[in-house]
Amino acid sequence: MSSQVKYILDEESIPTHWYNIEADLSKNTPPPVDPSTGEYMDPAKLEAIFARGAIEQEISRERYIEIPQPVREIMRQWRPSPLYRARRLEKALGTPARIYYKYEGVSPSGSHKSNSAVAQAFENKRAGTKKITTETGAGQWGSALAQACNIFGIECKVYMVRCSYDQKPYRKAMMEVFGATTIPSPSPYTEAGRAILAKDPNCRGSLGIAISEAVEDAVKNSDTKYCLGSVLNHVLLHQTVIGQEALKQMEMANDYPDIVIGACGGGSNFAGIAFPFIGEFLRGGKKADILGVEPAACPSLTKGKYAYDFGDVAKMTPMLKMYTLGSSFIPPAVHAGGLRYHGMAPQISNVAAQGLMRARTVQQLDVFRDAVFFARAEGITPAPESAHAITAALDEARKCTETGESKAILFNLSGHGHLDMAAYIDYFAGKLKNYEYPQEEIAMALSCLPVCGK
Ligand SMILES: Cc1ncc(COP(=O)(O)O)c(C=O)c1O
């Protein structure tokens, strides 16, 4: 019997193309709507804030889109990422399940976010962009983009969600190491930020608010473009290197996953691992059970409404058709800051609406209990966001223990938690709590959904 633990591909096996699920879906993802006209957005208008290359990727229906050579050269540093068979974890659980995890914590920023950061910074360099603004929740995206901008000599300004800014000072320091400026959001420097602070000077912030500030900054400055760390088609596209590698690595392991699991914030790491497997199925291949996991405190896929909504609080973005909790919903300050987004990526929402995946929620205390259990077995301390996938994977493995089934479970370990230790300190001190589904706040936010004729 094989006792192999890690499945490693060589650098020549880095995918040469991104996989675009749009080519295989029977119903295409509804395009964004321009709030000023109520019609589908003219992609040319997006050039006010995005690089042209990113827009072309956003609207493409090609199945495979070539990854520019310079992006592939940079990704050599951490790609292909390892796939692990979690043998010590299986033993600790006493499960007959075969558990695999794809580990994205090996990138310079410590998460999958570098995969898209480099691709987006490259397209901006190509477009002659001098400055980039962005939002960040936990700081993983901000630090990935800061590093990528540093590679290409582009200035980077990051609006960081206030509660994460306070919880994770080392992420801020890391962004500064790469020469970026970090501003706690809501800030007094934008109209959007000032409007929120006027109503609530102690506002803990949200990704939706930070996006408004970063977009406003880009709209008002002609030398500045905006980058988003999740949600949009092109960001999900960039992450498909994860699942494409995992397909090859599962083949090396002579196995195929019965279940594929990922944590869902805006949806990029989940899409990264899941879309290539869904694509296999849509093209007549094997079917895996695809499971997205979100926090009970911010349950967009499981409790949201599938409707057109704004991507940000100040309603500056185009309207996106997505499962949403309402763009004004400010989620409780759970430690998984990267999962505090009111909506789910339009492509994932479309995939979910077509019944090609399922979703569930998990509670913060279970997530930290399982993160610690995983770390003690496998030696990797996970990011709180990634640990949502761990809880779901452990639950599936525990079910196998009960039924005696030996399923192959694959999950995406999207990042390490080395700069999230304050969350672990709070967990051990008994300071963390579960959050109930904030029903009233969500009902209020959903009652303000924009009217959209599409
Ligand atoms: C490590 C990690 N995993 C997951 C996420 C969630 O984002 P997404 O759903 O886009 O993968 C984040 C976001 O910050 C993150 O930092």
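Side notes on the structure shown:
- Helix 113-126 and the longest principal axis of the Cα set of the chain meet at an angle near 40°.
- Dividing the summed -39500 (n - 2.57) terms of all DSSP H runs of n ≥ 4 by the residue count of the chain sets its mean residue ellipticity at 222 nm at -12000 deg cm²/dmol.
- Between 0 and 90°, nearest 10: helix 240-252 axis offset from the chain longest Cα axis: 10
- Local net charge near Glu405, Cβ-Cβ under 15 Å (Lys/Arg +1, Asp/Glu -1): -3
- For segment 180-260: rounded, prolate or oblate by the Cα gyration tensor [a/c cutoff 1.5]: prolate
- Accessible area, probe 1.4 Å, largest first, for residues Leu282, Leu207: Leu282, Leu207
- Value of relative contact order over the chain, rounded to a whole percent, pairs C-alpha under 8 Å and six or more apart: 19
- Ordered by 1.4 Å accessible area with all protein chains kept, Tyr308, Tyr170 run largest first as Tyr170, Tyr308.
- Other residues within the sphere of radius under 14 Å centred on the Cβ of Ser185, judged by their own Cβ, net out at 0 (K and R +1, D and E -1).
- Working note: Cα atoms of segment 27-76, range along each principal axis, descending, whole Å: 43, 29, 13.
- Anisotropy class of segment 313-421 from Cα gyration tensor, a/c 1.5 cut: oblate
- Order of exposure, largest accessible area first, which applies to Arg204, Arg76, Arg340, Arg52 with probe 1.4 Å: Arg52, Arg204, Arg76, Arg340
- Each residue was assigned an accessible area with a 1.4 Å probe, and for Asp289 the value is about 50 Å².
- Straightening the chain between Glu12 and Arg358 buys 121.2 nm, computed as 0.36 nm per residue apart minus the Cα-Cα spacing.
- Net charge of neighbours whose Cβ lies under 12 Å from the Cβ of Ser206, counting Lys and Arg as +1 and Asp and Glu as -1: -2
- Cysteines not pairable in the chain (beta carbon separation under 4.7 Å absent): Cys163, Cys203, Cys227, Cys264, Cys298, Cys400, Cys448, Cys452
- Computed log₁₀ I(q)/I(0) - Debye formula, equal Cα scatterers, no solvent, segment 93-215, q 0.10, 0.13, 0.19, 0.22 Å⁻¹: -0.35, -0.54, -0.95, -1.17
- Using C-alpha pairs under 8 Å with a sequence gap of at least 6, the mean separation divided by the residue count of segment 34-169 gives a relative contact order of 19 percent.
- The chain, Rg to Rh (Cα coordinates; Rh as Kirkwood inverse mean 1/r): 0.94
The values are calculated or read from the model by the stated rules, or taken from the named source; none is laboratory data. Model, not experiment: these values are computed from the prediction. Cβ atoms come from the backbone with ideal geometry, glycine included; neighbour counts cover every protein chain shown. Only protein heavy atoms, including side chains, enter the accessible area calculation; ligands, DNA and RNA are left aside. Shrake-Rupley method; radii C 1.70, N 1.55, O 1.52, S 1.80 Å.
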